[in-house]
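Below is one structure. I have some questions about it.
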Amino acid sequence: TSFSEGQQSPSILYCQLAARAAAGWHSWTPPQHALPAVVPGVQPMLDALLDHTERRFGRELTSTALTAMTFAVNGLSATEMEDVLSMDESVLDTVFQYHTPTVRRLPSHVWARVQRQLDDLLVDQGHTTRWYHRQLWECAEKRYAVLKPRVSKLMGIYFANIVDPALRKERHIADQPYVLSDKPGTKFFDVDVSQLNRRRCAESLRHLVNAEMWNEAAAEATQDKDQGPLAGIACRTYLGYTFQMLRCLATVVGQLYGDTQKPTEDEGQQGGQEISAEPSLAEDVHDAYRL
């Protein structure tokens with residue numbers, strides 16, 4: 001049966017997925033009852049493997065974690081994954097359903113077990129983890145598309161460094177400032193003593209736009225309490241994220257104002273939604289887009 005299904009999907013990736021599924025079968029189990037099942041097609045085969053993984057480690061935890069990894073721009077590191085999952089109450093409720101922890105934060109071994117289960121389907125790229133094959137990533141995008149808005153909101157809040165201070169302190173969520181430096185007050189243009197936070201510049205704006213958090217996305221690009229106005233644009237431009245940033249800003253301007261005409265202070269509603277941003281923020285994001 002497995003051989004005939006392999007003939008219907010003759011690709012090395014499919015054969016690898018099918019062999020991976022069959023490797024976990026017991027010798028006494030009939031093939032038609034074995035799990036995960038071998039089915040024709042890369043998408044159904046990956047779905048079968050992920051269904052098996054979700055049953056083993058919990059659907060809420062596994063699906064949320066894999067959604068975050070799938071829709072992250074450059075994957076996620078282990079610490080970032082733990083931080084993002086620790087912000088999700090539904091994930092923590094399932095993880096701690098039989099135990100009340102001293103610190104309500106996802107234990108490190110929980111994601112590590114899921115990652116180990118999918119080890120040969122993932123790849124470490126620098127310090128982040130992502131799908132090792134583009135077709136796996138495309139299949140995961142289709143599978144977890146329904147979870148994208150919720151998880152994008154979590155990642156947008158995390159990478160834009162707008163986590164509630166009480167939650168950050170309670171769950172030990174890491175800061176994501178624009179500048180990584182041991183010296184307080186270091187500015188992004190002090191290149192001798194500062195290092196720009198590449199992870200924030202790559203991830204935050206994209207996720208805020210995907211979550212339709214328009215005002216937060218506008219503020220992320222044009223305002224920062226530590227680095228001053230337009231620091232986000234300067235940092236992203238320096239690190240080479242100009243095209244991605246302009247695409248996001250174009251979406252924000254279109255959603256908030258409906259066109260690229262500069263908004264006036266008395267414009268309270270355009271594009272079908274109220275503008276809650278301050279006039280100065282409205283002008284900043286529009287000027288940034290036009291620039």
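Go through Val179, Val163, Leu196 and say which Cα lies farthest out towards the positive end of the charge dipole of segment 145-210; charges sit on Cβ, +1 for Lys and Arg, -1 for Asp and Glu.
With unit charges placed on the Cβ atoms, the residue in question is Val163.
Looking at segment 78-151, I'd like the Rg to Rh ratio, where Rg is from alpha-carbon atoms and Rh is Kirkwood's inverse mean 1/r. Please list the in-between numbers first.
On the way: Rg = 13.8 Å, Rh = 13.9 Å.
Rg divided by Rh gives 1.00.
Treat each spin label as a single point 7 Å out from the Cα along the C-beta direction, and report the Arg55 to Gln117 distance in nm.
1.1 nm
Kindly write out, for segment 73-83 in residue order, the coupling ³J(HN,Hα) from the Karplus curve 6.51 cos²θ - 1.76 cosθ + 1.60 (θ = phi - 60°), rounded to whole Hz, with x marking Gly and Pro.
Residue by residue, segment 73-83 yields 5, 10, x, 10, 7, 4, 5, 4, 4, 4, 5 Hz.
On average, how much accessible surface per residue is there in segment 17-175, in Å², for a 1.4 Å probe, leaving out ligands, DNA and RNA?
The answer is 49 Å² per residue.
With a cut-off of at most 13 other beta carbons within 10 Å, and DSSP calling the residue loop, which trypsin sites (Lys or Arg not before Pro) in segment 210-257 qualify? Please list them.
Working: sites: Lys225, Arg236, Arg247; in loops: Lys225.
Passing both the DSSP loop test and the Cβ count: Lys225.
Another question, then. Quick one: which residues, 5 or more positions from Val179 or on another chain, have an amide H under 5 Å from its amide H? H modelled 1.01 Å from N in the peptide plane, none for Pro or chain starts.
Residues meeting the amide H criterion: Asn197.
For an R0 of 35 angstrom, estimate the FRET efficiency from the Cβ-Cβ distance between Ile12 and Thr100 and round to the nearest 0.05. Numbers along the way, then the final one.
Values: r = 47 Å, r/R0 = 1.35.
Using R0 = 35 Å, I get an efficiency of 0.15.
Express the Stokes-Einstein translational diffusion coefficient of segment 21-101 in µm² s⁻¹, to the nearest whole number, given a Kirkwood radius over alpha-carbon pairs, 10 °C and a viscosity of 1.306 mPa s. Kindly include the intermediate steps, with their values, before the conclusion.
Values: Rh = 14.6 Å.
Translational D for this selection: 108 µm²/s.
Further question on the same structure: What is the packing order of peptides 131-143, 72-84, taking the mean over residues of other C-beta atoms within 10 Å and listing the highest first?
72-84, 131-143
Filter the cross-link list Lys153/Lys187; Lys169/Lys225; Lys148/Lys187 down to pairs whose alpha-carbon distance in this structure exceeds 26 Å.
Lys153/Lys187; Lys148/Lys187
Of the listed peptides 23-30, 90-97, what is their order by residue-averaged count of other C-beta atoms within 10 Å, with the highest listed first?
90-97, 23-30
May I pose another question? Work out the FRET efficiency for Val146 and Ser181 from their Cβ-Cβ distance, taking R0 = 41 Å, and round it to the nearest 0.05. Please report the intermediate quantities before stating the final value.
On the way: r = 40 Å, r/R0 = 0.97.
In this case the efficiency is close to 0.55.
Quote the relative contact order of segment 66-217 in percent (integer), defining contacts as alpha-carbon pairs under 8 Å separated by 6+ residues.
RCO, segment 66-217: 27 percent.
The values are calculated or read from the model by the stated rules, or taken from the named source; none is laboratory data. Just so it is clear, the structure is predicted and the values come from calculations on it, not from any experiment. When we count neighbours, we look across all protein chains shown, and the Cβ atoms used for this are built from the backbone with ideal geometry, even at glycine. Heavy atoms of the whole protein, side chains included, go into the accessibility calculation; ligands, DNA and RNA do not. Shrake-Rupley method; radii C 1.70, N 1.55, O 1.52, S 1.80 Å.
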